[in-house]
Amino acid sequence: MRESPHIHFNGVNPLTGALLVPPMDARAAGDLALSAAGPAPTEEVASFRTGFGVDPNDLAQAGWGIVYPAPRSTAHRRRLVAIREALKPLVELRRAQASALRETRFRELWDDEGYRLGESKGRFLVQRGAAEAGAPVPDELPYYLLLIGPPTEIPFDFQYELDVAYAVGRLDLPSSDAYAAYAQRVVAAERGEIGRAPGAGFWGPATQGDLATQLSSRFLLPPLADALTGHPVARLVGDAGSKAALRRLMGPEGPALLMTASHGAYVPRAADPAKHEAWAGALVTGDWVGQGPVGPDALLTAEDIAADDDLAGLVSVHFACFGAGTPRHDGFGLYRGKRVQRGQRDGVPQLPPELAAQPFSAPLIRKMLGHPRGSLAAIGHVDVSFASAFLRPGEQASHAGQLEPYRSLLAALMAGERVGRAMDWMHEKAADLAHGLAGQIHQVNENLASLDDPLRHALADQWLKTLDARSYVVHGDPAVRLAHRDPARGPRESTPLTLVSPPPARDTPTDEIPTDVEFGFFDGGVGGKLKALGERVAGWLGQQLDDLGNLEVKTWSSPAEGLDPDAPRRLRAMTRIGLYGDAEVVVPERPDGTVDSELWQIHLETVKEAQAQRSEIVRLLLTFVPGARPDRSGKR
């Protein structure tokens, strides 16, 4: 009998290095889907965009609103008043934009109009004058809605449900000063005062012996990077997925858009109460060897975001367990004492029945957005994530259809769409999967379909993907866009990253490595000479690639006419780019301290030509390396 495929979850307990959820038999997951999902839903599930004729990227048409929690005490009201005051610059900007055509398209849901704990999505909408379902009508309630506060005051579940039809974001920051810094940063980005290099960065490790990260580093990140044709792309994937590499991508020289794929951390509260929250959703980097505890050197936590860091203008997407937040209970029903007869041999989840005493947003994302020079928005996952979100169970190959929501999300952001609008493709995936899941459960409940293994596999696949897609949320104002640096202002500190890393090598289990093959061609005689020649050629190629690793461009100026080599000259600009994207830049200044834009533009053109020449030479050299020459499909 054919072995049932397994579902591989992301997530690691850094104190032990153990996977949070061992690989699960798809048959067991199918049974769990039936028990956890219950009867087929009767309420229609659908995903809506704005109504016909409404441009979702024009706030004057789509509208913008802010939703505070209704105050529950005098102290709570004081805190909300301080937050409201801190957010004034952002709110006044959005008010002017959203009410340009009609004042009703801006709403501030405050005090008695704020969200009341326990309200359903339908009741919330009706009580604020909107229809309980269907496409948003901006004159009733704006399409873009920013929720203020932690999930203990406005729950994640409410955000999921509201997100089906509306473009929703959350701002959950540690202090009123952090809210003020965020508001000022969004206003500065809208005015073109801050920005980052155009393009996207992709980061993710491929840890030895860890199938989850090997799958994401081969079948998630590279195809998505390949799909962004016409845009600069930096790839730090596989062996290049270190903590230092991620920090470079997040720094001021990094691109405006960043996508990461890795394990997210989770520490049980009983094991270490402090790290339980501080490390929740921290990104496990390629510095972890794949066995044993994960130390701070192999984790990117909120503590790693230093006071002098500069993330200004960054929009990031994180494929990681608990990357956006930790719910009180998991949405999959995996850890509430439910044991399925099939699949117990796969192990018991390493998570407690209650994930947290109270739900909370990911500390790393809160720090990124609340920093004085922090991010504009971050998209992440609440709860666990898994490889089957982008692969079919039992298969290890990319499918365009599986990746389409992610591709569309990234492409929409690169095209200048607002973050909340770009999330529509994720929500449509969740709605579509929910319809299919409801139909399959109905067939089983009505005995219209036999619950065989193929149907179990299909149930598991759709159930997990439905919950996975709905659990992606936006932290930050959903109306922000990518902020690109104004070329007229010159570079901030360095040039954009240009590194393109090859896909990671397949991690072959030792029992698959053949031991009975004789390589007699290289045993002495002619073979030995060819081997020696091959080694010399390989050494030469390695030296050439090393020499090409560091690119240095200098621009000089001289008062002399013509090209007299002996004439006095002065170094005016310099750019040095290392193999891993680290860069040093000397910017030309005029006597009054301003940047010499004309000279800098000449220098930049020279740098671009040098980069193109280096790329072409590297591509040519790689044609001499066995297995490195790309085939027609673009794979290596």
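A few points about this structure:
- Relative contact order of region 186-345, defined on C-alpha pairs under 8 angstrom at six or more residues apart (%): 26 percent
- Packing-based ranking, highest mean first, of 273-282, 163-172 given that Cβ atoms within 10 Å are counted: 163-172, 273-282
- Surrounding net charge for residue 201, when Lys and Arg each add one and Asp and Glu each subtract one, Cβ distance under 13 Å: +3
- Accessible area in square angstrom per residue, region 100-225, 1.4 angstrom probe: 34 Å²
- Packing, as the average of other Cβ atoms within 10 Å across residues, places the peptides 319-328, 71-80, 287-296 in the order 319-328, 287-296, 71-80, highest first.
- Taking amide H as placed 1.01 Å from N in the peptide plane, the amide H of residue 16 sits under 5 Å from that of 294, each at least 5 places away or on another chain.
- Region 50-134 shape via C-alpha gyration tensor axes, a/c threshold 1.5: oblate
- Residues whose amide H falls under 5 Å from that of residue 573, counting only those 5 or more places apart or on a different chain, are 555, with hydrogens built in the peptide plane.
- Whether region 193-239 is rounded, prolate or oblate, judged on the alpha carbon gyration tensor where a/c under 1.5 counts as rounded: prolate
- Shape category assigned to region 192-315 from the gyration tensor of Cα positions, a/c cut at 1.5: oblate
- Among the listed pairs 121/243; 367/608; 88/367, those whose Cα-Cα separation exceeds 28 Å are 121/243; 367/608.
- For residue 375, net neighbour charge (Lys/Arg +1, Asp/Glu -1) across residues whose Cβ lies under 12 Å away: +2
- For residue 319, the residues whose modelled amide H falls within less than 5 Å of its own, excluding neighbours fewer than 5 places apart on the same chain, are 260, 261, 262.
The values are calculated or read from the model by the stated rules, or taken from the named source; none is laboratory data. As the structure is a prediction and not an experimental result, all values here were calculated from the model. All Cβ positions, even for glycine, are placed from backbone atoms using ideal geometry, and neighbour counts span all protein chains on display. For accessibility, only protein heavy atoms count, side chains too; no ligands or nucleic acids. Shrake-Rupley method; radii C 1.70, N 1.55, O 1.52, S 1.80 Å.
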